[in-house]
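Here, each number is a calculation from the coordinates, and none is a lab measurement. It should be emphasised that the depicted structure is a prediction, and the values quoted were computed from it without experimental measurement. Neighbour counts run over all protein chains shown; Cβ positions are idealised from the backbone, glycine included.
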Amino acid sequence: MSTRVTPPQYHAQLTGTAADWLSRLDAGTADVVAFEAWRDADARHAAAFAEVAATWRDLDGLRLMPTDAPMIDPALGTMPRRQILRAAMGAAVAAALGGGFAYRAYARDHAVTGVGEHLAVSPAPGLSIDLNTDSRISWRMSAPQQLCLEQGEIAIASKGGCELAVNGESFRLAAGHYNARLRGDSCELAVFSGGISNGAGLHLVAGEMALMAGARVTLRTSDKAELGRVTAWRHDTLVLNGESLDYALGEINRYLKDKIVIGDPALARIRLGGTFGTRNPAEFLQALQDSFGVRATTGANGGIILTRG
Amino acid sequence: MEHIVSWLRDIDRWFIAQVLPHAAAYRARAAYFCGAEEAEDLVQEAYARVLKTPDYRTISTPRAFVLTIVHHLALERLRRARVVRIEALACLDALDMPDPSPDAFAVAAGRSELQHWLVMIDSLPPQCARVMRMRKVQGLSPAAIAEELSISISTVEKHIAKGLALITIGRREHEARLEEACRPESRPRNITRN
């Protein structure tokens, strides 16, 4: 048994090294093999990494914390409204602390998220993908710039352009920012910057969205607010602008293991507006109760049933 | 086929969920025997032992298990030390030393702790604090932060690593202070062994 007493600086340094690994894993730039070799080399390394990982995870609670302190950084100007609204949502700290704990992956051949999870990956330098809940993408390791969206929704930031295959169709994406979502057999593409083209003469430019159902393409030009709504999920929010409760539940249920269902058909016609957190439905349910007197009860299987109060 | 992995192994998840929440209790126990200056080292050594336990899943009470390891390690060090504490000597063989208030030292992961973290983030160097807030409060990706602040990803990483390390260390010290505040007895006296 060793009785070596190491100086406190050693622990501080070790914590620093562990934090360094974590930040590189988080950004998707870590050499995973080297990281694992470091961790396996000494159980103290593993303990230090677990400790910083615990702090990292627990800090996620800040994202859902109601706070009196304004979370607006003067150096950055005004925070988007949705951020403030989300910051004010009910405390769901426990849910956040117990929530999925996913890091970025580097040079893997596919990336998946479960229901309620959110993951960012960087298959190649200059290519960052955010995966929304219940999503799956894949790529060949030899050709990481050729992505395939198999399920769910992603946001793409590409510095050098990439290819995206969806439902058997292939699109060429110039350097820029995009959102792609599968809705059953159809696919919705949004261009924030850059441009999308395919072999069939489709050309989408910044500010345009396209819904593709087989050979049928519906194009529309979107304003900034609408494009903002498309990517609100990246900040764990859902922005509604007069949509029906039916639609709203379809959206919010994407993030929930225990789904919310309408117990009274008349409620389906309620129209809703506002910004809601997707990590915990409490705020959404409270708004329904406050504005429409809709009562939420938890069923035996954990699902939530909405009825008129 | 490779799969996306979270960079935590099963044993790490177990360790974070079952062992780390009682960190303050281990430090208190270690400090009782070896003094505050050596406590952290003792606890880290105990953690290393725990993470080398192959059948960790069969440990029914991880808190008691780790406290026992701390106790054993302390005992080993005390036997070799020239300066020991009187109270520690009295307890040397009392491995069933009571664990009087299991929750007294446990820091609730609740709102007050989160508020404390916000304060800790704000006490970081300004750019480091800004990056930590953008990453953990606003939930922006490292790439988005780099773009927003016009800095490189690797600079973002450095700020995050620094902030995370300082907060982790600060958290330990915060827990140690709580533990100090919770300890009813006066500080042990030292005797010198000839």
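Before moving on, here are some points about what is shown:
- A:V205-A:E251 pseudo-label distance in nm [points 7 Å out on the Cα-to-Cβ vector]: 2.8 nm
- Per-residue mean of C-beta atoms belonging to partner chains within 10 Å, peptide B:114-127: 3
- Remark: mean inter-chain Cβ contacts per residue of B:49-60 equal 2, using a 10 Å Cβ-Cβ cutoff to other protein chain atoms.
- Anisotropy class of segment A:229-309 from Cα gyration tensor, a/c 1.5 cut: oblate
- Full extension of the chain segment joining A:N167 with A:V261 gains 30.9 nm, where the gain is 0.36 nm per residue of separation less the Cα-Cα distance.
- Taking other C-beta atoms within 10 angstrom as a stand-in for reagent exposure, A:M141, B:M134, B:M120 fall in the order A:M141, B:M120, B:M134, fewest first.
- Peptide-level mean, for B:11-19, of C-beta atoms on other protein chains within 10 Å: 4
- Cβ-Cβ distance of B:T58 and A:A143, R₀ of 30 Å, FRET efficiency by 1/(1 + (r/R0)^6): the value works out to about 0.05.
- Too-long pairs where the Cα-Cα distance tops 25 Å, listed order kept, from A:K257/B:K52; A:K159/A:K224; B:K136/B:K162; A:K224/B:K158: A:K257/B:K52; A:K224/B:K158
- Peptides A:185-193, A:166-174 ranked from most to least packed give A:185-193, A:166-174, packing being the mean of other C-beta atoms within 10 angstrom over each peptide's residues.
- FRET efficiency, 1/(1 + (r/R0)^6) with R0 60 Å, evaluated for B:T155 and A:T297 via beta carbons: 0.75
- Estimated FRET transfer efficiency when R0 is 45 angstrom, pair A:D290-B:E76 (beta carbons, to 0.05): 0.15
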